[in-house]
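Since the structure comes first, as C-alpha cells, the remarks are kept for the end.
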Amino acid sequence: MAQPGSTTITEGEGRKHPDGTTRRDFLYLSAGAFAGTGAVLTGWAFIHSMNPAADVLALASTEVNLAPIAVGQAITVTWRGKPVFVRHRTAEEIAKAKEDDKAALPDPQPDARRVQKPEWLVLVGVCTHLGCVPLGQKPSDAKGDFGGWFCPCHGSHYDTSGRIRRGPAPANLAVPSYAFTNDTTIRIG
Amino acid sequence: MAKYDYVPSPFMANSIVKWVDHRLPIFTLIDEQLVKYPAPRNLNYLWNFGSLAGIMLVVMILSGIFLAMNYNPSTAGAFDSVERIMRDVNYGWLIRYIHMNGASMFFIVVYIHILRGLYYGSYKYPREILWWLGIVIFLLMMATAFMGYVLPWGQMSFWGATVITNLFSAFPIVGEHIVLWLWGGFSVDNPTLNRFFALHYLMPFVIAGVVLLHLWALHVHGSNNPLGIDAKGPQDKIPFHPYYTVKDAFGLAVFFIIFAYFVFFSPYTLGHPDNWIEANPLVTPPHIVPEWYFLPFYAVLRAVPDKLGGVLLMFGSIAILFLLPWLDTSRVRSARFRPAYRVFFWLFVICCLALGWAGAMPAEGVPLLVGQVATVWYFLHFLVFLPLLGWFERPLPLPASIAEPVLGGGKAGMVAATKPMEKA
Ligand code: HEM
Ligand code: FES
C-alpha cells in the first residue's frame, strides 16, 4: 500500500480513484474483454469449419423421373447422401392412409399434409429413431404391422403415409421439400 | 510428489547422469518415481493392470501410426486401402490384427483395472481426482475406439457411426444442429470420415497426457493396496524396482501370450463379420451391434423405449462414476473387510455381464427384459445400495498395518477391531 504522503507506488496499483479502483483495473478489464471476445470469435471459425461446407450444401438437390414407376412400386434415390423413398401408392394404400388419420398417432399429421399428389409419397428413408434405413421398399421386404415400412434396428413400424405407429422412433418419416417440375418429374431439395 | 527418505540409486553417481540431471533432472524423476519409489509391499496381480493399460496405449499408438502410413481416409478409398494393408503391405495384416485386437485387449485391461478399483475402494479419499482422471481416460478411449472403428468403412463402421451420432439428435432444439455439425454434411459421409481420422490420430496423445496427470495424482499418495489401509511407515513399503518392475514384466509376458493368441489364431473372434462388407448408405444390416466393449452401454440405451431417455440414461451410467467417491458412504476401502459390499460387488459384475449379453441381442423379448432389469440394478447399485451399505454394514476388523499380517503372523494385527479407516 502506498503510504499517505509518500511517493512510492506499489506495482500494479497506479493512481487510485477515491473508490479504490485504478486506471490499471480498467486496462486489465478492457484488455481481458477484448482478448476474450477475440478468442471466442476465432473459436467459432474453427467450430463452424466443421459444419457442412459450401460444396456439400450446393449438392443439395436431386431430380427424379417418376414415369417408369408403376403403381404399387417404390424406388430409392439418394439425396444429400441419404436414401429418399418414392412410392407410387395404390388406391388401397391411399385409402388406408386417409382412414388412419383418425387413428391414435404418436406424431399426428393427416395424410393430406404429407403428400402433394396422393399417389406419390416422397419420404426421407431414414428412421427418426437412430437413423437406420427402414425395410419396405422391395416387394419381398417386411413392411411392418401397418403396411408401410419396418425398421429392423430397434423395431419401429411406419404406415402407408410413413407415419410412426409403433416402436421407439419419436417422429414420422420426414417429407423432404420437393416440387413437381412437370407431371412426371420432381426435384428434391 | 510424496516425500520419503529418498536414497539415490547407485546409477545416480555416474558423471554423465549427474551432468544431465543438473540441467534436466530427468534421472532424479525416474529414480524417485520408478526405481526407489516406495510401493505397498502387499500389491497383488490386480495391480498389474495399470501398467498393462499404459503399455497397450503405446502398442495402439505404434501400430496405429504404421497403419496410418497406408490408410486412405476417404469414402472412395478407405475400404480398399484397408484391404491393401491386409493383402499387399508387408506385414500389414500383422499390424492391423495387432491394432484391431489391441483395442479389445485395451478395454479388457481397463475394465479389470476399473473393477479392481471398485473392489478395493481405490476411489476413496485421498484418490478422488485420480479416480476422475481414470474415468476421463475411459471416456476418451471410448471416443477413440468408436472413431477408429469407423475408419475401415465397412457396413458396421458406417451404421455404427450413423446410430451413435444420431444419439445427439435426441436433445431438444440443438440436437439436429449438433448432428449436422458432427457429420459436416447431411449424413455420415466423406467429411465425417476425414475428421474422424484426424481425431482418431489425435485422441490417443490426449489420453497419454491425461495418463500423466493420472500418474501424478497416483504418486502423491501412492497406490492403494488389497487391505485398503494406509501405509504406516517404511516397513509397509518396498521399492518399485526390482519388486514391481519384475512383477509387472511377468504379468506383461502372460498378457502378451493371450494377446498373441488372438492376433495369430483367432483375429476375428472379437469382431463382426459385417465389417468386411463395404459401407452402403442405402442398406442397413439387419442387426446392428457395436464392438463388444460397448455392449453394456448399448443395452442401457435400448432399455428405455424413449429416445431421449435412453440417451440420458446411457450417458448417466458413466457420469455416475464421477460421484462414486461420495455415493459410497463406507469409510472402509477394501471389500475384503466389507462382507455385504463384497456380495453387492459381485452382483454388480454379474449385472454388467448381463447388460453386455443383452446388448448383443435384438432388443426384444427376454434380452430386452434382462437389459431393463440389469439397467435398474446398475443404477440402484450406485444410488441406493452403496449409500445404504455404508450405514448398515458392519465391517470386519482392520489390521493395524500392512506389514503386520505379512510379517507378524497376522493375529496381533487383527486386534485393532473396527477402527475406522485412518485418514492420513
Ligand atoms: C487409444 C488408442 C487407440 C484405440 C483404442 C484405437 C482403436 C481402433 C479401432 C477399434 C480401429 C478399427 C479396427 C478395425 O476394425 O479395423 C482402429 C482403426 C485404425 N486406427 Fe486406431 N486406435 C488407437 C490409436 C490409434 C493411433 C494413435 C493411430 C494413428 C496414429 C491409429 C490409426 C488407425 C487407423 C489408420 C485405423 C484404420 C485401419 C484399420 O481399420 O485397421 N489408431 N483403431
Ligand atoms: S433406428 Fe429405426 S428403430 Fe432405431
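Some observations on this one:
- Helices (runs of 4 or more DSSP H) enclosed by the range B:291-371 - at least 2 residues per element that are within 17 Å of residue B:386 (Cβ to Cβ): B:307-327, B:339-360
- Just one of the listed residues (B:62, B:115) is at pLDDT 95 or above and either under 23 Å from residue B:315 (Cα atoms) or among the hydroxyl-bearing types (Ser, Thr, Tyr) (or both), and it is B:115.
- Flag for residue B:164 being away from chain A (no Cβ under 14 Å) and within 28 Å of residue B:382 (Cβ to Cβ): no
- A single entry from A:125, A:155, A:72 fulfils the requirement of being more than 21 Å from the chain's Cα centre (by Cα) and within 13 Å of ligand 2 (Cβ to nearest atom): A:155.
- Filtered residues of the range A:116-159 (kept if among the β-branched types (Val, Ile, Thr), without any contact (Cβ under 8 Å) to a residue 60 or more places away in the chain and more than 9 Å from chain B (Cβ to nearest Cβ)): A:124
- Scanning the range B:33-56 for residues that are in a helix (DSSP H, G or I) and buried (at least 20 other Cβ atoms within 10 Å of the Cβ) yields a count of 7.
- Residue in the range A:176-187 that is within 14 Å of chain B (Cβ to nearest Cβ), closer than 23 Å to residue B:166 by Cβ, open to solvent by 30 Å² or more (accessible area, probe 1.4 Å) and touching a strand residue (DSSP E or B) at 6+ places or on another chain (Cβ under 7 Å) present: no
- Looking across the range B:309-341, the residues that are of a type outside the set (A, V, I, L, M) and either free of Cβ contacts under 8 Å to residues at least 40 places away in the same chain or in contact with a His (Cβ under 6 Å, 6 or more places away or on another chain) (or both) come down to B:309, B:315, B:326.
- Residue-level check: of (1) within 14 Å of chain A (Cβ to nearest Cβ); (2) open to solvent by 40 Å² or more (accessible area, probe 1.4 Å); (3) over 29 Å from residue B:121 (Cβ atoms), residue B:366 misses just (1).
- Boolean, residue B:222 is more than 16 Å from ligand 1 (Cβ to nearest atom) and open to solvent by less than 40 Å² (accessible area, probe 1.4 Å): yes
- Those strands (runs of 3 or more DSSP E) lying entirely in the range A:114-189 with at least 1 residues under 19 Å from residue A:88 (Cβ atoms) and either modelled with pLDDT under 95 or more than 16 Å from ligand 1 (Cβ to nearest atom) (or both): A:120-124, A:147-151, A:156-159, A:178-182, A:185-188
- Scanning the range A:73-95 for residues that are open to solvent by less than 30 Å² (accessible area, probe 1.4 Å) and closer than 12 Å to residue A:125 by Cα yields a total of 9.
- Note on the range B:154-207: residues that are within 16 Å of ligand 2 (Cβ to nearest atom), assigned to a helix (DSSP H, G or I) and among the aliphatic types (A, V, I, L, M) total 7.
- Failed item, numbered, when residue B:123 is tested on (1) surrounded by 22 or more Cβ atoms within 10 Å (Cβ to Cβ); (2) outside any helix (DSSP H, G or I); (3) within 14 Å of another protein chain (Cβ to nearest Cβ): (3)
Table: residues versus (1) touching an Asp or Glu at 6+ places or on another chain (Cβ under 6 Å); (2) open to solvent by less than 40 Å² (accessible area, probe 1.4 Å); (3) modelled with pLDDT under 95.
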{"site": "B:195", "(1), (2), (3)": "no, yes, no"}
{"site": "B:232", "(1), (2), (3)": "no, no, yes"}
{"site": "B:250", "(1), (2), (3)": "no, no, no"}
{"site": "B:253", "(1), (2), (3)": "no, no, no"}
{"site": "B:275", "(1), (2), (3)": "no, yes, yes"}
{"site": "B:284", "(1), (2), (3)": "no, yes, yes"}
{"site": "B:295", "(1), (2), (3)": "no, yes, no"}
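- Residues of the range B:178-193 that are within 28 Å of the chain's Cα centre (by Cα), among the aliphatic types (A, V, I, L, M) and open to solvent by 10 Å² or more (accessible area, probe 1.4 Å): B:178, B:182.
- Selection status of residue B:247, farther than 30 Å from residue B:92 by Cα, among the basic types (Lys, Arg) and outside any helix (DSSP H, G or I): no
- Qualifying positions in the range B:164-177 - open to solvent by 10 Å² or more (accessible area, probe 1.4 Å), in contact with a helix residue (DSSP H, G or I) (Cβ under 8 Å, 6 or more places away or on another chain) and not hydroxyl-bearing (Ser, Thr, Tyr): B:164, B:166, B:168, B:170, B:171, B:172, B:176
- Residues in the range B:134-163 that are surrounded by fewer than 19 Cβ atoms within 10 Å (Cβ to Cβ) and over 17 Å from residue B:294 (Cβ atoms): B:136 only.
- Flag if residue B:137 is over 26 Å from residue B:285 (Cβ atoms), more than 14 Å from chain A (Cβ to nearest Cβ) and β-branched (Val, Ile, Thr): yes
- Top-ranked residue of the range B:194-214 - restricted to ones that are under 21 Å from residue B:182 (Cα atoms) and more than 9 Å from ligand 1 (Cβ to nearest atom), ranked as farthest from the other protein chains (Cβ to nearest Cβ): B:206
- Test for residue A:29: is it open to solvent by 80 Å² or more (accessible area, probe 1.4 Å) and within 14 Å of chain B (Cβ to nearest Cβ): no
- Members of the range A:75-110 found to be among the aliphatic types (A, V, I, L, M) and within 24 Å of the chain's Cα centre (by Cα), listed by number: A:75, A:77, A:84, A:86, A:105
- Among the numbered conditions (1) touching a strand residue (DSSP E or B) at 6+ places or on another chain (Cβ under 6 Å); (2) away from every other protein chain (no Cβ under 14 Å), the only one that residue A:75 does not meet is (2).
The values are calculated or read from the model by the stated rules, or taken from the named source; none is laboratory data. Not measured: the values here are computed from a predicted model. Using ideal geometry, Cβ is built from the backbone for each residue, glycine included, and neighbour counts are taken over all protein chains shown. Heavy atoms of the whole protein, side chains included, go into the accessibility calculation; ligands, DNA and RNA do not. Shrake-Rupley method; radii C 1.70, N 1.55, O 1.52, S 1.80 Å.
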